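**Q** I'd like to ask some things about the structure below.
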Amino acid sequence: MNSGSQTRVVTVGGSPAPTVDVARRYRSKWLLLRRLSQLGILGLFLIGPWFGIWIIKGNLSSSLTLDVLPLTDPFLVLQSMAAGHLPYLDAIVGAAIVAGVYLVFGSRVFCSWVCPVNIVTDGAAALRRRLGIKGGRAPAATTRYWLLLGLLAACLATGSIVWEFVNPVSMLHRGLIFGMGTAWLVVLGIFAYDLLIASRGWCGHLCPMGALYGLLGRAALLRVAAARRSACNDCLDCFAICPEPQVIRAALKGSGTPLILDANCTNCGRCIDVCSLDVFCFSNRLTHRFSS
Amino acid sequence: MSAFSSLARRQFLNRFAGAVGGAALLSLGVGLYAGQASALPAQALRPPGALAESDFLAACVRCGLCVRGCPYHTLKLGELGQAVATGTPYFAARTIPCEMCEDIPCVRACPTGALDRQLTDIGKSRMGLAALVDHESCLNFLGLRCDVCYRVCPVIDKAISLENIHNQRSDRHAMLLPTVHSEYCTGCGKCEKSCVLPEAAIKVYPLKLAKGQLPEHYRKGWEEKARHGGSLIGEQIELPVRGMEDRPSPPKAPLDSGWKP
């Protein structure tokens, strides 16, 4: 985010601070790492069918790594059980491993470090900023939790895993590996929705997978902290770039813990990137336990 | 209650209703769409060991591990836009049939049990049932000896047999009709794949489509007779044919006309 002048005199603790280096304002270390992670994981899935190097088989719904490590989407296992099927231990263990990893690594790390749709919605958000598209109509951010509940009820009522008929996340990932069909249109739909109708509409308001991962990661250890919040000069860059801007306020402006504890922080690290004053950093609950 | 808190309450209720209502509508829509989209097209067969279709859709997470397990690239995942439920595994017999691997790798790869691991003998799998649907085009029905579906059947002479029938048209030849027996047919699709016609006369359909069912109370007299070692209702009285006493009884001559080619 680079609105306004390229250099800016800021005041920290009453004394004039040095002008901010222009190059530093374009830092995107965490963004690059995140893209590397997203594309790397997708790549691991793709080198099997493309080059015959089978490190991971399957897709994000369920996979087998090096023929030993099962990983399964916990939301799918929940839906399957709601639909009246008790999956084999492979799938349940796989879901437990995934849930366990996110219990430690936090609130919706899946969304910003793994999910392929994140690249699409980040793209829509970037284009929205560039074109200066404002307004639109986003559903309440709590809609996703009700959708999560509603879908489990629909699974119960129909006896099938209903979300997989329309889930754009698995459609895109599975499509890239096994064949897209017309799933491109769904992805395009998500892009258009986020661009024209609702800012951060899909990931931030609707996606029930993200909602579940958010709930799972409530107590997770890894957190972004507004560790140097006293240095904040209210430029609002972090609010402008954050995919879930409501999560920042309590940590940055409150007097309690500087950790961002909101379940919907995706740990994407963009606030760390864009803050010219290095207010934010990755931290964890243990480090900051007593600092509030 | 102050005006402000009443307004705040109304706003809260509005947003709450919007979120719940929107989510409920979306869930309903998804549920209804799922019901529609889960119809399995007639020519898409599920992998061996697949649960009954309604249970299958509760169990399959569409991960494609069965597809990766299949050494013959028989299995595919449905793509959006195709008739088969998106992302679920299927195969089309006419394209690549199931080779009936003895170790059934697709079933072993399934992490959820959508493909049932209790299936350990591939001969017991019921992916579908072959049916000789077109008696008008089948070469054997025309009196030729094509027999290809019979020859390629992995359960030859059990799942498909050749039944010898008198050819009424020529009145002097036999027709050897390929006949499918559901007791043994696994639905692998090799017969459909190998049918020499431009459009196969024998096709494999999901069991639900291909198989009829007798009412439960039906008993076959000849089977009951064999099981009990004799008629269950005793010997029958031979009644005279009244009003035909003056007619000569039909000759007991052999049916064979004596003609030899």
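**Q** Rounded to the nearest 20 debye, what is the charge dipole size of chain B about its Cα centre when +1 sits on each Lys and Arg Cβ and -1 on each Asp and Glu Cβ? Let's see the in-between values first.
**A** Details: 30 positive and 25 negative charges, 198 e Å.
With only Lys, Arg, Asp and Glu charged at Cβ, the dipole is about 960 debye.
**Q** Pick from A:SER37, A:SER255, A:SER112 the residue whose mean-square fluctuation is largest in a GNM of chain A, springs joining Cα atoms under 10 Å.
**A** Maximum fluctuation in the GNM of chain A, among the listed residues, is at A:SER255.
**Q** Which whole-Hz ³J(HN,Hα) couplings does the range B:153-166 yield from phi under the Karplus relation 6.51 cos²θ - 1.76 cosθ + 1.60, θ = phi - 60°, glycine and proline marked x?
**A** 4, x, 10, 3, 6, 10, 6, 10, 10, 9, 9, 7, 10, 5
**Q** Ok, one more. For chain B, which semi-axes, largest first and in whole Å, follow from the square roots of 5 times the eigenvalues of its Cα gyration tensor? Please report the intermediate quantities before stating the final value.
**A** Numbers: eigenvalues 622, 148, 70 Å².
They are 56, 27, 19 Å, listed largest first.
**Q** Moving on to the next point. Expressed as a whole percentage, what fraction of the accessible surface of the protein assembly as shown belongs to carbon and sulfur atoms when a 1.4 Å probe is rolled over the protein heavy atoms?
**A** Numbers: 17890 of 29060 Å².
Roughly 62 percent, rounded to a whole number.
**Q** Could you tell me the accessible area of B:ARG94 in Å² (1.4 Å probe, neighbours in place), rounded to the nearest ten?
**A** 80
**Q** A follow-up question, please. Just the number please: accessible area per residue for chain B, 1.4 Å probe, all protein chains included, in Å². Could you put the intermediate results ahead of the total?
**A** Working: 16330 Å² over 261 residues.
Solvent-accessible surface per residue comes out at 63 Å².
**Q** Take the Cα pairs of the protein assembly as shown, get the Kirkwood Rh, then feed it into Stokes-Einstein at 25 °C and 0.890 mPa s and tell me D in µm²/s. Don't skip to the answer; put the middle values down first.
**A** Working: Rh = 28.2 Å.
Translational diffusion coefficient: 87 µm²/s.
**Q** With the alpha-carbon atoms as the only input, what is the per residue convex hull volume for the range B:37-148 in Å³? Before the final figure, lay out the partial values.
**A** Details: hull volume 13.4 nm³, N = 112.
Expressed per residue, the convex hull around the Cα atoms of the range B:37-148 is 120 Å³.
**Q** Please compute the per residue accessible area over the range A:203-292 with all protein chains in place, 1.4 Å probe, rounded to a whole number of Å². Don't jump to the answer; show the numbers that get you there.
**A** Numbers: 3470 Å² over 90 residues.
I get 39 Å² per residue for this part.
**Q** Report the one residue of A:GLY136, A:PHE165, A:TRP54 whose Cα lies farthest in the direction of the positive end of the charge dipole of chain A (charges on C-beta: Lys and Arg +1, Asp and Glu -1; origin at the Cα centre).
**A** Selected residue: A:GLY136.
**Q** Now for a separate question. Have a look at the range B:43-71 and report residues whose accessible surface goes down by 30 Å² or more when the remaining protein chains are included, against the chain on its own, probe 1.4 Å, ligands and DNA/RNA excluded.
**A** Buried by the other chains: B:LEU57, B:ALA58, B:VAL61, B:ARG62, B:CYS63, B:LEU65, B:ARG68.
**Q** To continue, here is another question. Can you compute the radius of gyration and Dmax for the range A:147-277, using only the Cα atoms, both in Å?
**A** Final numbers for Rg and Dmax: 17.8, 54 Å.
**Q** Another question about this same structure. Could you give the dipole magnitude of the range A:221-292 about its Cα centre, charging the beta-carbon of Lys and Arg +1 and that of Asp and Glu -1, in debye to the nearest 20?
**A** On the way: 8 positive and 6 negative charges, 61 e Å.
Roughly 300 debye for the range A:221-292.
**Q** Gap in Å between the Cα centre of the range A:156-180 and the Cα centre of the range A:203-271?
**A** 29
**Q** Out of all DSSP beta bridges in chain B, what portion is antiparallel? Express it as a percent rounded to 5.
**A** Working: 16 of 18 bridges.
Expressed as a percentage, antiparallel bridges in chain B total about 90.
**Q** I'd like the residues of the range A:68-111 whose 1.4 Å-probe accessible area shrinks by no less than 50 Å² going from the isolated chain to the full set of protein chains.
**A** A:HIS85, A:TYR88
**Q** Under a GNM of chain B (C-alpha, springs under 10 Å), which listed residue has the highest mean-square fluctuation: B:ALA92, B:ALA83, B:ALA17?
**A** Highest fluctuation of the listed residues: B:ALA17.
**Q** Follow-up. Heads up, I need the accessible area for B:GLU163: 1.4 angstrom probe, whole protein in place, Å², nearest 10.
**A** The accessible area comes out at roughly 80 Å².
**Q** Now, a different point. Per-residue accessible area for B:GLU245 at 1.4 Å probe radius, Å² rounded to 10?
**A** Answer for B:GLU245: close to 140 Å² accessible.
**Q** Additional query: How many partner chain Cβ atoms sit within 10 Å of a residue's Cβ in peptide A:175-183, on average, as a whole number? Intermediate values should be presented prior to the final figure.
**A** On the way: counts 5, 0, 4, 11, 7, 3, 8, 5, 5.
The mean count of partner-chain Cβ atoms within 10 Å per residue comes to 5.
**Q** Over the Cα atoms of the range B:95-194, Rg to Rh with Kirkwood Rh, two decimal places? Present the calculation step by step, with values, prior to reporting the outcome.
**A** Details: Rg = 16.4 Å, Rh = 15.0 Å.
My calculation puts Rg/Rh at 1.09.
**Q** Quickly rank B:7-14, B:58-65 as a protection proxy: mean count of other C-beta atoms within 10 Å, highest first.
**A** Details: B:7-14: 10.4, B:58-65: 27.8.
Going from most to least packed, we get B:58-65, B:7-14.
**Q** On a 20 Å Cα-Cα criterion, which of the cross-link pairs A:LYS57/B:LYS193; B:LYS76/B:LYS193; B:LYS124/B:LYS220; B:LYS124/B:LYS211; B:LYS76/B:LYS158; B:LYS76/B:LYS211 come out too long? Write down the numbers at each step before the final one.
**A** Numbers: A:LYS57/B:LYS193 29 Å; B:LYS76/B:LYS193 16 Å; B:LYS124/B:LYS220 25 Å; B:LYS124/B:LYS211 16 Å; B:LYS76/B:LYS158 29 Å; B:LYS76/B:LYS211 25 Å.
Those over the limit are A:LYS57/B:LYS193; B:LYS124/B:LYS220; B:LYS76/B:LYS158; B:LYS76/B:LYS211.
**Q** Among the residues of the range A:190-234, which ones have their accessible area go down by 10 Å² or more when all the protein chains sit together, as opposed to their chain alone (1.4 Å probe)?
**A** The answer is A:LEU206 - residues whose exposure falls by at least 10 Å² when every protein chain is included.
**Q** If you take the accessible area of B alone, add that of A alone, and subtract the area of the pair, what total do you get in Å², probe 1.4 Å, to the nearest 100? Present the calculation step by step, with values, prior to reporting the outcome.
**A** Working: alone 18080 and 14320 Å², together 29060 Å².
Separately minus together, B and A give about 3300 Å² buried.
**Q** May I ask you to rank B:GLU192, B:GLU183, B:GLU223 by accessible area, largest first, using a 1.4 Å probe over the protein chains only?
**A** On the way: B:GLU192 5, B:GLU183 130, B:GLU223 85 Å².
Final ranking, largest accessible area leading: B:GLU183, B:GLU223, B:GLU192.
**Q** Still on this structure, please answer the following. Which residue, B:ILE160, B:ILE237, B:ILE104, tops the fluctuation ranking in a GNM of chain B built on C-alpha contacts under 10 Å?
**A** So, out of B:ILE160, B:ILE237, B:ILE104, the one fluctuating most is B:ILE237.
**Q** Extension gain A:LEU32-A:LEU127, at 0.36 nm per residue separation less the Cα-Cα distance, in nm?
**A** On the way: separation 95, 0.36 × 95 = 34.20 nm, distance 1.79 nm.
Difference between extended and current length: 32.4 nm.
**Q** How are the alpha carbon pair distances in the range B:1-102 distributed across 10 Å bins from zero to the largest one, expressed in percent?
**A** With 10 Å bins starting at 0, P(r) equals 13, 33, 19, 12, 10, 8, 4, 1.
**Q** Under a point spin-label approximation (7 Å from Cα along Cα-to-Cβ), what is the B:ALA174-B:GLN36 distance to one decimal in nm?
**A** 5.4
**Q** With unit charges on the beta carbon (Lys/Arg positive, Asp/Glu negative), name the residue among B:LEU209, A:ASN118, A:PRO74 whose Cα is farthest towards the positive pole of the charge dipole of the protein assembly as shown.
**A** A:ASN118
**Q** Here is a further query. Sort B:HIS73, A:HIS205, B:HIS228 by accessible area with a 1.4 Å probe, largest first. Could the numbers behind the result be given before it?
**A** Details: B:HIS73 125, A:HIS205 30, B:HIS228 105 Å².
In descending accessible area the options line up as B:HIS73, B:HIS228, A:HIS205.
**Q** Report the convex hull volume per residue for the range A:217-292, counting only C-alpha atoms, in Å³. Can you show the working numbers first?
**A** Details: hull volume 5.7 nm³, N = 76.
Here the figure is 75 Å³ per residue.
**Q** Sticking with this structure for a sec: Using the crude model of +1 on Lys and Arg Cβ and -1 on Asp and Glu Cβ, and no other charge, please compute the dipole size for the protein assembly as shown relative to its Cα centre, in debye to 20. Numbers along the way, then the final one.
**A** On the way: 56 positive and 38 negative charges, 533 e Å.
With Lys and Arg at +1 and Asp and Glu at -1, about 2560 debye.
The values are calculated or read from the model by the stated rules, or taken from the named source; none is laboratory data. This is a predicted model, so every value here is computed, not measured. Neighbour counts run over all protein chains shown; Cβ positions are idealised from the backbone, glycine included. Protein only, heavy atoms only, side chains kept; ligands, DNA and RNA dropped before computing areas. Shrake-Rupley method; radii C 1.70, N 1.55, O 1.52, S 1.80 Å.
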